[in-house]
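The values are calculated or read from the model by the stated rules, or taken from the named source; none is laboratory data. Remember, it's a predicted structure, so these values are computed and weren't measured experimentally. Methodologically, a virtual Cβ is constructed for each residue, glycine included, from the backbone with ideal geometry; neighbour enumeration extends over all protein chains shown.
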C-alpha cells in the first residue's frame with residue numbers, strides 16, 4: 001500500500017520545520033525559496049516556474065512517481081474579454097481550445113490558472129518519492145536543488161463570501177471600511193513669513209480688495225503668443241518676449257488692458273506673504289513707482305498711439321524683510337490699424353539688494369575702473385543712468401520697441417524700416433530721432449565702466465548736430481535723419497601691465513535726406529552704426545642707464561702695450577716698467593728650474 005510508505009516522507013518533513021512548509025503559489029509568484037526556481041529532474045534544471053498544474057513545455061521528464069493532472073478549467077475566466085476569440089496569454093479561455101496553454105503562450109495572465117501550494121525540502125534529503133501528490137525538483141539561482149510536493153489546498157481557489165448590503169447596514173459598512181473622503185477640504189496652510197527664491201510675488205488691488213500675483217507674460221506655442229498666467233518669481237531675474245495679435249485693433253486700442261500702462265502699476269506689492277493676513281496694514285505693502293512718463297492709449301485716425309511695448313520692473317529687496325521698493329518704466333509705441341496687426345511686447349524683472357541712502361537702482365558696472373570688452377556702453381540722461389542702445393527689427397523688418405545694447409569695443413550695424421505716424425516736419429523728425437537713439441536720448445557717456453551718475457566729472461558730453469528743419473530751395477520738403485553713426489574714441493591708460501580702457505569722446509553723426517512734407521504712408525529705412533576707434537598712444541619703452549665700458553687689464557701684456565703706446569709721453573715711467581719686466585723674467589726663470 002502507498003499509505004504506509006508515506007510515513008517516512010512525512011517524518012522527514014516534520015523534522016525540518018524551517019525548511020519545509022506549505023507555500024501558496026500563483027502564476028505571477030515564484031516559489032518561496034527563490035524567485036528563479038524552475039522544474040527540473042535531479043540532473044537537469046529549467047528556468048520556468050510551475051505556474052500551472054500541468055507540465056510546461058521543455059520540462060524534462062519527471063521521476064516515475066511524479067503525477068501530473070490535465071489542465072483544469074476554471075469556473076470564472078477573468079481574462080476572457082473577447083467573446084468567440086482566443087485572448088492572448090489567457091490560459092483559461094475556452095475559445096483557445098488548448099489542453100496545455102503553456103505550449104502556445106509564453107506565460108499565463110494572472111487569474112487564468114489555479115493557485116497551487118507547494119511544500120519544499122532540500123533535494124539531498126529525499127531518496128525516493130512515493131507521495132500521491134504531484135512533485136517536482138527545482139533549482140534556484142544559486143544552484144541549490146529542492147524537492148517540492150504540491151499539496152491539495154483548495155482554499156486558495158475559494159471565493160470570499162459576499163456580504164449583503166441594504167439600507168440598514170450600508171452606513172455602518174461605509175464607516176467601518178471607508179477611508180478619507182476625496183472631497184475633504186485640506187487644512188489651510190498659514191502664509192509664509194517671508195519670500196523664498198522662486199516664490200510668486202503677491203500683489204493687492206485696494207480698489208477691489210483682491211490679492212493676485214505679479215504677472216510676467218511669456219511666449220507660448222510656435223507663434224509666441226502672450227500667456228498672462230506666468231508669475232514673476234522672487235529673486236529670479238528674467239526677460240520674456242511675446243506677441244499679441246489683434247483682429248480689430250480699432251476696438252482693442254482703448255479697451256485691451258495689456259496695451260495700457262496703468263495695468264502694470266495700479267496695484268500694491270506685498271512686502272512679505274504674511275501681508276495677506278492683514279490687508280488693511282499698509283506697512284506691509286509697497287506702491288509701484290513710475291520712473292517714466294506714460295500716456296493712456298489713444299486712437300487717432302488709423303493709428304493706435306501710446307501702447308505699451310516694453311515693461312521693466314525694478315524690485316529692491318532686503319533679505320527676510322521682503323520687498324522694499326518697486327519701480328516700473330515703460331516704452332510706448334504707435335501701431336497702425338490694419339487687419340491681423342501684431343505687437344511684440346517685452347517684460348523684464350530686475351532685483352537688487354536694498355541700500356539706505358544710495359541711489360535705488362544704479363546701472364551695473366561695465367568695468368572697474370576701465371571698460372571691459374563686450375560690456376554695455378553706459379550713458380546718462382539727466383540723473384538717470386542707463387545703457388546706450390541701437391535699432392532692432394522684428395521678423396517683418398519693421399522697427400521693434402525692443403533694442404540692442406551697444407557693447408563696448410564691438411562695432412555693430414543694424415537697421416529696420418519705420419512707418420512714421422506724423423506728417424508734420426518737426427514731429428516727423430522727433431519720431432525718427434527717437435527711433436535712432438532710443439528713449440531717453442543719451443546726453444553723456446561714461447568715461448570709465450564704473451562711473452557714478454551722481455558724479456558728473458565721470459561723464460563726457462556726446463557731441464551731436466541735428467538735421468536742419470527744412471531743405472534749401474524747397475518749401476514743402478523736410479530733412480529727416482536716415483542714418484546714425486555713433487563714433488566712440490577710446491584709449492588705454494595706466495600701467496602697460498594692467499591697462500584700463502576709457503572713453504575719450506563720443507559723437508552722433510547723422511545722415512539726412514529730403515522728403516515731401518505732409519506725405520502719408522511713407523516708409524523710411526533707418527540704419528545705426530557703432531564705430532569704436534582706439535586712439536591709444538603707447539609711450540617709448542623705458543631704457544636702462546648707460547653701462548660703463550670697463551677696460552680691465554685682463555691681457556698679460558697690457559702694461560707693456562700701454563707703456564709703448566704712450567711713446568715719449570711716458571718716458572718718465574720707464575723705470576717702473578723696466579723693474580716690472582725684470583721681476584717677471586725672474587719669476588719665469590725660477591719656474592723653469
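For residue 104, the criteria (1) at pLDDT 80 or above; (2) surrounded by 18 or more Cβ atoms within 10 Å (Cβ to Cβ); (3) touching a helix residue (DSSP H, G or I) at 6+ places or on another chain (Cβ under 8 Å) hold in every case but one, which is (2). Criterion applied to 325, 402, 417 was being part of a loop (DSSP other than H, G, I, E, B) and either out of contact with any helix residue (DSSP H, G or I) (no Cβ under 9 Å at 6 or more places or on another chain) or at pLDDT 90 or above (or both), and the one residue passing it is 402.
Can you work out which of the residues in region 264-283 that are without any contact (Cβ under 8 Å) to a residue 40 or more places away in the chain and not in a loop (DSSP other than H, G, I, E, B) is surrounded by the fewest Cβ atoms within 10 Å (Cβ to Cβ)? Before you say what the answer is, go through the steps one by one.
To start, the set of residues in region 264-283 that are without any contact (Cβ under 8 Å) to a residue 40 or more places away in the chain comprises 278, 280-283.
Now narrow it down to the ones that are not in a loop (DSSP other than H, G, I, E, B): 282-283.
Details: 282: 13, 283: 8.
The qualifying residue surrounded by the fewest Cβ atoms within 10 Å (Cβ to Cβ) is 283.
Is it fair to say residue 434 is in a helix (DSSP H, G or I) and modelled with pLDDT under 90? Here the answer is yes, as residue 434 does meet what is asked. Scan region 285-298 and give yes if some residue there is on the phi < 0 side of the Ramachandran plot, surrounded by fewer than 16 Cβ atoms within 10 Å (Cβ to Cβ) and without any contact (Cβ under 8 Å) to a residue 12 or more places away in the chain, otherwise no. The answer is yes, given that some residue of region 285-298 is on the phi < 0 side of the Ramachandran plot, surrounded by fewer than 16 Cβ atoms within 10 Å (Cβ to Cβ) and without any contact (Cβ under 8 Å) to a residue 12 or more places away in the chain.
Here is a list: 453, 442. Which entry is out of contact with any helix residue (DSSP H, G or I) (no Cβ under 9 Å at 6 or more places or on another chain), at pLDDT below 90 and in a loop (DSSP other than H, G, I, E, B)? Give the derivation first.
Values: 442 fails: at pLDDT below 90.
It is 453.
The single residue among 563, 568 that is at pLDDT below 70 and touching a helix residue (DSSP H, G or I) at 6+ places or on another chain (Cβ under 8 Å) turns out to be 563.
Just to be sure I understand, how many residues within region 528-546 are assigned to a loop (DSSP other than H, G, I, E, B) and under 24 Å from residue 437 (Cα atoms)?
Filtering region 528-546 for residues assigned to a loop (DSSP other than H, G, I, E, B) gives 535-546.
Narrowing further to those that are under 24 Å from residue 437 (Cα atoms): none.
Looking only at that region, the number is 0.
Taken as a whole, the structure leaves residue 409 outside the set of residues that are part of a helix (DSSP H, G or I) and either free of Cβ contacts under 8 Å to residues at least 40 places away in the same chain or touching a strand residue (DSSP E or B) at 6+ places or on another chain (Cβ under 6 Å) (or both). Evaluate the following for residue 539: is it without any contact (Cβ under 8 Å) to a residue 12 or more places away in the chain and over 30 Å from residue 397 (Cβ atoms)? In short, yes. Set side by side, the residues 516, 537, 496, 487 differ, and just one is at pLDDT below 90 and either closer than 18 Å to residue 422 by Cβ or surrounded by 12 or more Cβ atoms within 10 Å (Cβ to Cβ) (or both), which is 516. Across region 380-399, the qualifying residues are those that are touching a residue at least 60 places away in the same chain (Cβ under 8 Å) and closer than 17 Å to residue 528 by Cα, and the one among them that is surrounded by the most Cβ atoms within 10 Å (Cβ to Cβ) is 388. Of the numbered criteria (1) part of a loop (DSSP other than H, G, I, E, B); (2) modelled with pLDDT of 80 or more, the one residue 148 fails is (1). Checking each residue in region 475-527 for being closer than 24 Å to residue 415 by Cα and either outside any strand (DSSP E or B) or not assigned by TED's automatic domain parsing to the domain that holds residue 432 (or both) picks out 517, 519, 520, 521, 522, 523. For region 219-243, give me each residue that is under 24 Å from residue 203 (Cα atoms), touching a residue at least 60 places away in the same chain (Cβ under 8 Å) and not in a loop (DSSP other than H, G, I, E, B). Across region 219-243, the qualifying residues are 226, 238, 239, 240, 241, 242.
Within region 423-439, the set of residues being farther than 19 Å from residue 335 by Cβ and without any contact (Cβ under 8 Å) to a residue 12 or more places away in the chain is empty. Taken as a whole, region 428-441 holds at least one residue that is surrounded by fewer than 20 Cβ atoms within 10 Å (Cβ to Cβ) and over 23 Å from residue 343 (Cα atoms).
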